[in-house]
1. Over the stretch 1-122, calculate the relative contact order: mean separation of alpha carbon pairs under 8 Å at least 6 apart, over the residue count, as a percent.
2. Which order, highest average first, do 133-141, 310-318 follow once you tally other Cβ atoms within 10 Å for each residue and take the mean per peptide?
3. Pick from 198, 179, 86: which residue has the top mean-square fluctuation in a GNM of the chain where Cα pairs under 10 Å get a spring?
4. For the chain, compute the number of Lys pairs whose alpha carbons are separated by less than 29 Å, excluding pairs fewer than 8 positions apart on the same chain.
5. ³J(HN,Hα) across the stretch 289-305 via Karplus (A = 6.51, B = -1.76, C = 1.60, θ = phi - 60°), whole Hz, x for Gly/Pro?
6. State in Å² the accessible area per residue of the chain; use a 1.4 Å probe, count heavy atoms of protein chains only, and round to the nearest integer.
7. Considering the options 207, 118, 189, tell which one lies farthest towards the positive end of the dipole of the chain, charges being +1 on Lys and Arg and -1 on Asp and Glu at the Cβ, about the Cα centre.
8. Let's see if you can work this out: charge +1 on each Lys and Arg Cβ, -1 on each Asp and Glu Cβ, no other charges. What is the dipole magnitude of the chain about its Cα centre, in debye to the nearest 20?
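The values are calculated or read from the model by the stated rules, or taken from the named source; none is laboratory data. Given the structure is predicted, the values throughout are model-derived calculations rather than measurements. For neighbour counting, all protein chains shown are included, and Cβ atoms are generated from backbone atoms with ideal geometry for every residue, glycine included. Just so you know, the surface numbers come from the protein's heavy atoms only, side chains and all, with ligands and any DNA or RNA stripped out. Shrake-Rupley method; radii C 1.70, N 1.55, O 1.52, S 1.80 Å.
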Amino acid sequence: MAGTTEVSRATLRKVTIRLVPFLGLLYFINYLDRVNIGFAGPSGMKTDLGLTETAFGFASGIFFIGYLVLEVPSNLALHRFGARRWIARIMVSWGVVATAMAFVPNETWLYVLRFTLGVVEAGFFPGILLYLTYWFPQTQRAKIVALFMTAVPISTALGSTVSSLIIQYGHGVFGLSGWRFMFLVEGLPAIVLAVVTWFFLTDRPAQAKWLTPAESDWLTTELEAEQAAQVEHWTVRKALTHRRILGLALIYGGIVYGLYALGFFLPTIINGFQQQYGTHYSVVQRGLINAVPYAIGAVVMVVWSRHGDRTGERVWHVALPALIGGLAIPVALYLGNPLAAMVAVTVCAVGVLAALPTFWALPSTFLTGAAAAGGIALINSIGNISGFVAPYVTGGLKDLTGTQRAGLWVVGLAMIGSALGVLALRSRIRTAPMDSVTEATR
């Protein structure tokens, strides 16, 4: 038993060190290329292309329409052909389109490229989530997903500062505006990392030459036993049509509504502080302010997910942060100074980021194999409709009312709805029990 514990610790530590930092880097680039339009908008793009707030929100969100169309087929292809090949294919495609954003001539082509970016990127995020189920037992997944998903707040925190610096100091390079140069610089790493991915990733533990035979055998046996012990076995068809999956998709949609509303419009909200509170910030200062909620959120999401893995509780670890974040965000722009407003925004961002990794531990408690591929992709696909709705509605309400307040009220209601939804489903969600693996690796 002691020997097994020693092997389990060594194996999971080695797999974590090998895979999580690299996958996190890929997601860092992925998420930055998805949301860097939020930095470009208030830094000259809206003016240069003549975009209203509604048009900017539509351009930000149309990405998710293309994403929706091909998400499930892409994840099923990953399950069939292997993560190494399929993820590399996705990265080359999105890198080319993200780089082309530097040369967008008008509003129409902006819509075309954003839609195409969603099409070619479809399957990346749920594909990584599926890939992690090939390597980590259930009781480790919330923590591992949290470590992987720290790329979201890090890409926004670090990315907002880096993007702002590129915009400010890249203006005029190659005759491009600063925001165009930013798209050019931030699109190229995906193409380079696609080549690395092809040679670096391993599809399954049994194929990992970097594990010892004992480590490979232990991990393969552990995951196969876990799959065999599933109380109910789901087909792909059931996973794509069951009410539980659709319910989780709606819950996820409410959480990511807050994620994308903040991701695309927080730079604009911060820019609006200048008029609302009579302040003035440079491009770089706005980037640093934008980074604060996500830097704090990165720490909280890891701590909170570790607590969820340690206790084995999942439902309240999703509902509580979503509820707190939803209650905090509507009051942000009613506060009397920018510091107080940013505190409320930070609480919302922390709530969103703390809820996400534990949420993704829920479907893998009853889905495996091809059913997991389809179910996870469907949840992500339907949930990410919020990625289209959130910026479009937020921008439209800003044009309609002249203020960001109405849009943030909708964010709050969406997140509160998700908190109530996951509580309503709790009797249908099997919480993963504590086991020797958790104790061994705690």
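1. Relative contact order comes out at 32 percent.
2. Packing proxy ranking, top to bottom: 133-141, 310-318.
3. 198
4. Close lysine pairs under the 29 Å cut-off: 5.
5. Per residue, the Karplus-derived 3J(HN,Hα) values read 5, 4, 6, 4, x, 7, 5, 5, x, 4, 5, 5, 5, 6, 4, 5, 5 Hz.
6. Counting only protein heavy atoms, the per-residue value for the chain is 37 Å².
7. 207
8. Roughly 320 debye for the chain.
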